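Written out below as structure tokens is the structure these notes cover.
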Amino acid sequence: MPNYRRAIVPGGTFFFTVVTENRARILCDPFARQCLRSAIQATQERWPFDIDAIVLLPDHLHTIWSLPDDDHDFSRRWAFLKKTFTRSWLADGGREQSTTASRKKNRRRGVWQRRFWERTVRNEKEFERYCDYIHHNPIKHGLATCPHAWEFSSFHRFVREDYYEPDWQCVCQKRKPTPPDFDDLIDTVGE
């Protein structure tokens, strides 16, 4: 079995990609969003962290978290969050993907992929690049034509906080923005 190495950076800021099992398109469902919101809140109550940016797509999410100064354990947070979501999702009729006998033996459910991708955000420039990637992702996947048109994103908060102009990467009114080039991030975003 591969030896997965996770970053140990107390107080670090991290970019994550988390994917549903078999890329099931459930996450934008109103009930799934409610389960996810509750799971995030329950996780933050036990082990605080800040969500700096997030985008929710039907089959995956990208987010940037900042941990407290004396803490580096994002894996515990993700395990608890995914478990809490899964319990709520399944208890109220959400469906899971088929699972193997081995997965059942290890008490794994068919809601989330087992692993997640993370990258340590090392500086402000990387933070900005990952935020742009997050907020442009619905366009990349053909879910929206402009960042402002996708409601399941922190883009709207970033506009309110003057981080972005409201028309960032917008094609409304015949605008033709130059799409961001994320080639430098492709190997680090997990999808």
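Every number in this text was worked out from the coordinates using simple rules, so none of it is lab data. In this text, all values refer to a predicted model and were calculated from it rather than measured experimentally. Ideal geometry is used to build each Cβ from the backbone, glycine not excepted, and the neighbour counts take in all protein chains shown.
Descending by average beta-carbon neighbour count within 10 Å, the peptides 11-24, 166-179 line up as 11-24, 166-179, the highest first. Of the two radii for segment 13-188, the radius of gyration is 0.98 times the Kirkwood radius, both from the alpha carbons; that is the Rg over Rh value. What the phi angles of segment 140-149 give under the Karplus curve with 6.51, -1.76 and 1.60, with θ = phi - 60°, is a coupling list of 3, 8, x, 8, 7, 8, 9, x, 5, 7 Hz, glycine and proline written as x. For segment 30-91, dividing the convex hull volume of the Cα atoms by the residue count gives 82 Å³ per residue. For segment 13-188, relative contact order (Cα pairs under 8 Å, six or more residues apart, normalised by length) works out to 26 percent.
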